Amino acid sequence: MSPSVRLQELIRVIRSARTQCEERGVIQRECAAIREQFRQNDNGGRSHNLAKLLYVHMLGYPAHFGQMECVRLIASPRYSEKRIGYLGAMMLLDEKQDASLLITNSIKNDLSHSSQYVQSLALCTLACMGSAEMCRDLAPEIERLLKASNSYIKKKATLCAVHIIRKVPELGEMFTPSAHSLLSEKNHGVLHGAVVLITELCERNTQTLDNFRKAVPELVQIMKGLVMSGYSPEHNVAGISDPFLQVRILRLLRILGRNNDRASDAMNDLLAQVATNTDSTKTAGSAVLYETVLTVMDIRSESGLRVLAVNILGRFLLNNDRNIRYISMTSLLKIVQTDHNAVQRHRGTIVDCLKDQDASVQRRALELSLALVSSVNIRSLMKELLLFLSTCPPELRAHAASGIFIAAEKYAPSQRWHIDTILHVLTTAGSDVRDETVPNLIQLITSASELHCYTVHKLYRALVTDISQQPLVQVACWCIGEYGDLLLKGDCEETEPVQVTEDDVLDALETVLQSHMSSPATRAFALTATMKLSTRITENVDRIRSIVSIYGSCIDVELQQRAVEYNALFRKYDHMRAAVLERMPVIDKGQTNGEMSANNIKDLEQTDVKIPEVPLPSNQLCLEVCDLLDLLGGSEEPLQPSQAPPSSVPTPSSTGTGQDLLDLLGGVCPAPVPVVTGVTVYEKNGLTVTLQCDQRTETSVTVSLLASNSTDSDITSFSLQAAVPKSVQLQMKAPSGDVVPAHGAGQVTQTVILMNPNKVNLKMRVRVSYSSQGSFCQDTAQIDSFPTTAWS
Amino acid sequence: MYGSSMRFLLLFSRQGKLRLQKWFTPLPERERKKIVRDMTTLVLARKPRTCNFLHWKDLKIVYKRYASLYFCCALEEQENELLALEILHRYVELLDKYFGNVCELDIIFNFEKAYFILDEFLMGGEVQETSKQSIANSIEASDMLQETMEEYMSKPAF
């Protein structure tokens, strides 16, 4: 058996081990020796050995075999053994171990020990790892000690009581009576403990809280004493008398004054006094002031006091100490909504903090700045924010960009400013913006019709400078495609005149198409833009034709499809090309998920373009619109417009507002009863449309839509349009007619085939248009689930 | 719901070696080890001119470096971070007064004393005594009690 090594010697040996392996070896040998000695009940070196074990435990090695030794040492009459035994208990035992129960009796005995230092050990350990059971057991003892005459023990008993209440809240009642009387103690330790105890009691029981409100004057007095007292060497920290106690009292006052006018009144003067008299040059004073501010803002304080509090925070912003600036901004953020004007006064300082070195300070400054944007300061504040965007750390860029967009949208003083701001963001932080920025910006551009020329010039310039920022490139391509004629005209009042030739423009678009930096979506934008230019330029149409035909064999399926369709537009359907590619109307700004209003659909309808049932360019046009505006809304994929039955115009189906949707199937209980007669999809004004499932395979569904009319007069010009999720293909067969006879005399039927290769959740939106009794009606119905067939 | 103002207090070196751990809430051993790893990683990664506060899960972490030791504590959401800095500072002062110009080695070789001092200053995650002198007196008296007993039993001290 290796000789026992002194603790410090062991530590030295362990530290001098050159490798982890060596260290492990030393420790394992020593632990084995210790274990052996524990077993031998060696009287001499027990505390010694436990101390060594505790050291080894801190290094991360297992020490569970020392648990029983702790129990034994705690029961020893010797103070040195008790001391290390209790320390071991706090480090190795927690309430989950069985051994912890075994020390309950020792603790109970030691609580009544003649030496206060032994009592102290017991109290400390109970407050550290006492289980609920131990707490219940020993609570009466603690309550007795609360009334003991010795302040050393009283202060510890008080905090022990706090622990007991946290573990067993019902025991709070036991300590409530004594708690109040403790406030008259002079000893700061006891006083501090008393305040903590009362706080704990009040936080857990509203009745207790109500009761303790009568202690407010007493607490105010104590605070006053601390603030106004002269220098007290025992408790002084940087000129503040006992900041720990002051902060706890302020916190308790906050809880008591919350939602209570009387209590808040009673503490108003004191808070003003603390706020004015406390020296904040050092952290201690700032801590007290900080707590004061928190209290003022949380209780029902007078407006003058609130302004004072906000000004303290403003002063904090100018403090050299970074911690204090950080604290100040966190607090200002919490109150910026409720005390907006007060915080606005400090906007300058807040904006300066955008340049701080510390990223967490910068982040808070950014959030505050965004919260402070108003129509009054938008121009100047935006300059600062854009500057920040170009220099801020990368992790803050996305947040800054989206914050800027929101602010710009709310308070833009002019459309041109708005467009400029968005362009600035796209050039600075284009890769960090969200996806919906592109459609949002396009929508904004279309609505600023006087600025089309200016916008397209600016975007063209940005494009030729840098094609790496995808959102910017996408918007630029779209604009060039759409307003290329304005670009080529050259003269634009708002920018310097620059001569752009058709070749220049096509060069730019081709560069985007060929660049490896361009994402597939971007290339799609570029290709479509190129195509659109075929009706806007005069000389180089052949060049466009050749570009388009090259991409007809592109490996990217999306590009290939587009190119093939554009090719068709050049050849077989050349007579329609001009109409198809003409200028788009203003896109209406929908809700956040981009739903379009019904009016818009009328605008987008291409008048009298009759196309047989082959999916085509108009689809393409609509597809673009669908790319931009998420018609189905929310997380669903954008809809593909239906293929046209001969007599009607292909348009994307409109989505009405939520209230228009007759979600009839939504309320239906999903008991799959095969229904041959079909499900009613729409029923209004006497017109009923039902859906009947004819055939269903894993990847396709064939349904029939049947319309019948129960009114006295015929329904005419009846037509159905349908839209489905993106990966689903729709084929609408020709309807049987467009007149639904009165009195249910006959039905109009139309077969619809849905091809669902990806087996997504099938949904369909149906738009019903008809004339009834002299008025034209249009309605939408949503089908979320398809009924089973008669045979399934 | 058990919540103490301070959830835990850790001391670790610049190499991430743990020198003291005080837990004010019951946690299984595995959980404690993970927290220690997380804290050392987070705090040691902080750049020089950053503030002494950071967020971790639902807690506020306050840390300060004194020579080669990091003092790190975790607070509940509503606690006063500036006061926590004062608490850490007070603890360092207590150690300094006891050991005389305390350095990391003192705490390594006399870790149990560091705990005894801490247990006179904090209890259940709360400040127990706000007078430095009072704490110094208690520690001195306890040490004397130990020595007296040791002398009496004629056994060597650790």
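The values are calculated or read from the model by the stated rules, or taken from the named source; none is laboratory data. Since we're looking at a predicted model, the values are computed, not measured. Neighbour counts are summed over all protein chains in view; Cβ atoms, including those assigned to glycine, are modelled from backbone coordinates with ideal geometry. Accessible surface areas use protein heavy atoms only, side chains included; no ligands, DNA or RNA. Shrake-Rupley method; radii C 1.70, N 1.55, O 1.52, S 1.80 Å.
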Please work out which residue is farthest from A:ASP491 (Cα to Cα), limiting yourself to the range A:422-437 and to residues that are assigned to a helix (DSSP H, G or I) and open to solvent by 10 Å² or more (accessible area, probe 1.4 Å). A:ASP432
Given the criterion among the small types (Gly, Ala, Ser), in a helix (DSSP H, G or I) and open to solvent by 10 Å² or more (accessible area, probe 1.4 Å), identify the matching residue among A:SER380, A:SER374, A:SER369. A:SER380
Residue under evaluation A:SER232, criteria (1) within 9 Å of another protein chain (Cβ to nearest Cβ); (2) outside any helix (DSSP H, G or I), criterion not met: (1)
Report, ordered by the first and then the second residue, all pairs with beta carbons closer than 7 Å, sequence separation of six or more or different chains, a first member in the range A:770-792 that is under 23 Å from A:VAL724 (Cβ atoms), and a second member that is modelled with pLDDT under 70 and hydroxyl-bearing (Ser, Thr, Tyr). A:THR780/A:SER654; A:THR780/A:THR655
I'm checking my understanding of the structure. Among residues of the range B:66-84 that are touching a strand residue (DSSP E or B) at 6+ places or on another chain (Cβ under 6 Å) and within 12 Å of chain A (Cβ to nearest Cβ), which one is surrounded by the fewest Cβ atoms within 10 Å (Cβ to Cβ)? B:GLU81
Could you check the range A:118-130 and list, in sequence order, the residues that are farther than 18 Å from B:VAL127 by Cα and either among the β-branched types (Val, Ile, Thr) or more than 51 Å from the chain's Cα centre (by Cα) (or both)? A:VAL118
Does A:GLU133 count as within 12 Å of chain B (Cβ to nearest Cβ), in contact (Cβ under 8 Å) with a residue 24 or more places away in the chain, open to solvent by 10 Å² or more (accessible area, probe 1.4 Å) and touching an Asp or Glu at 6+ places or on another chain (Cβ under 9 Å)? no
From the list A:ARG300, A:ARG347, A:ARG315, which residue is under 19 Å from A:ASN268 (Cα atoms), at pLDDT 90 or above, more than 13 Å from chain B (Cβ to nearest Cβ) and open to solvent by 10 Å² or more (accessible area, probe 1.4 Å)? A:ARG300
Kindly indicate whether any position in the range A:587-597 is at pLDDT 85 or above and either crowded, with 19+ Cβ neighbours inside 10 Å or in contact with a helix residue (DSSP H, G or I) (Cβ under 6 Å, 6 or more places away or on another chain) (or both). no
Mind checking which strands (runs of 3 or more DSSP E) fall wholly inside the range B:31-149 and carry at least 1 residues that are over 17 Å from the mean Cα position of the chain (by Cα) and more than 27 Å from A:LEU7 (Cβ to Cβ)? B:53-56, B:59-66
Among the residues of the range A:17-50, which ones are surrounded by fewer than 20 Cβ atoms within 10 Å (Cβ to Cβ), more than 14 Å from chain B (Cβ to nearest Cβ) and more than 52 Å from the chain's Cα centre (by Cα)? A:ARG29, A:ALA32, A:ALA33, A:ARG35, A:GLU36, A:GLN37, A:PHE38, A:ARG39, A:GLN40, A:ASN41
Within the range B:4-18, take every residue that is open to solvent by 20 Å² or more (accessible area, probe 1.4 Å) and touching a residue at least 24 places away in the same chain (Cβ under 8 Å) and give me the one that is farthest from the other protein chains (Cβ to nearest Cβ). B:ARG14
So, first residue under 20 Å from B:GLU86 (Cβ atoms) and at the interface with chain A (Cβ under 10 Å from one of its Cβ atoms) in the range B:54-65, second residue open to solvent by 70 Å² or more (accessible area, probe 1.4 Å) and not in a strand (DSSP E or B), Cβ within less than 7 Å, six or more apart or across chains; the pairs are B:LYS60/B:GLU77
